[in-house]
1. Going by C-beta contacts inside 10 Å, put A:183, B:24 in order with the fewest on the left.
2. Note down the nm distance, to one decimal, between modelled labels 7 Å out along Cα→Cβ at residue B:219 and at residue B:178.
3. So for A:101, A:55, fewest C-beta neighbours within 10 Å to most, what's the order?
4. In deg cm²/dmol and to the nearest 500, what is the mean residue ellipticity at 222 nm of chain A if only DSSP H runs of at least 4 residues count, each as -39500 (n - 2.57), divided by the residue total?
5. At 0.36 nm per residue, and after removing the present C-alpha to C-alpha distance, how many nm does the segment from residue B:200 to residue B:65 gain when stretched out fully?
6. If I take every Cα pair under 8 Å that is 6 or more residues apart in chain A, average their sequence separation and divide by the length, what percent do I get for the relative contact order?
7. Ordered shortest first, which distances in nm separate the 7 Å Cα→C-beta label point of residue A:145 from those of the other copies?
8. Need one number: nm distance between label points at residue A:5 and residue B:228, each 7 Å from Cα along Cα→Cβ, rounded to one decimal.
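Each reported figure results from applying straightforward, stated rules to the coordinates on display, with no laboratory input. Treat the numbers as computed from the prediction; the structure is a model and nothing was measured. Here the Cβ is made from the backbone with ideal geometry for all residues, glycine too, and neighbour counts use every protein chain on show.
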């Protein structure tokens, strides 16, 4: 039998959600038909990319890292601009945090589509969730649906964007990861906005992650690993 | 009186169409309220960016050049990959030319929106045209409408994408440029896929440009200038 053509491309950030989506895709499309794509866009912490590399390697998935130097040139947000402290105040539920990079997921998925197109890949998978605490408008279902239309029309190509976590709580995502066999992989993921391992436990991303595991009644494999094998 | 806030952002490639759109925007929104944005995305010819700089300077419009290193990393097309010759065969009406970069205009306009957002700019202007010979699907009205929806939803921001050339023939665009006072500026623009000045006159872009001026019954100011002042 000839090797399967790649069927799906997962946008892999090296975080908990996209890692869970990678295992969802392997389950959905089959081993050997999934590729992973990570963007090196000037994120504050190189550790995110290292985590994505580890996650993809553990899953046996071919992995490409694409550079995007544009966000850093745009400047003015805490995710790529080291001069801006990450906001972790009490207002994070009422307004967009200063880690908001306008259009970030739109750019990621459009480049993912441009990567998928010449490879004959018709399925994109992204770990965005509308339930995400942050209120990022580019994570919402309505946005992703409009983007899918835009990509289909703009490339004249049949593309589907899968967002298996869209309506899940963080606790449900934790359970899903366990059921999909992504548990060990979660120990390789990165969440902390401060780039720390063990995670700082205090930034909005760490707090959200901890809440998810607590509500699922499960211990975070990353925290366990850091306890057993301090980095 | 305080200076006007910027109202519109024109995506300026340094070509004939986007230059015409810059003058359309100046006419529509008023001098002092228009900004221009050019992408340095690894195009084959640096001359395009130099032309954009000249055009913006002549028009007195603040001009930003943003880098995008991702298309070159994606590779595989004649616009950014110097190893691939530009296709100029007879089939250019029936299939996509090999200068097709999937999603290029989607990326440009999404980054333009990300640039516009923190500046309070609500109007984007792009020189795309559905009548363009190339058949690029990311130049079509239906695509741009879907993209506008996507950007509005994805940034939770009121944005309008203006495409004043969408249904114009090249000849109509030439007339429009003349009527908008963009005539001298057209002498600063660049079209040739081979990066030549004077233009090669043989590549698809040069042929299309020449056809437009011929049908409008007007001489191309760029050709005139190169004749009068050989570069």
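1. With the sparsest Cβ surroundings first, the list reads A:183, B:24.
2. It is 1.3 nm.
3. With the fewest neighbours first, A:101, A:55 line up as A:101, A:55.
4. The helix-only estimate for chain A comes to -12500 deg cm²/dmol at 222 nm.
5. Using 0.36 nm per residue and subtracting the Cα-Cα distance, I get 46.0 nm.
6. Reported as a whole number, the value is 22 percent.
7. 1.7
8. 5.5 nm
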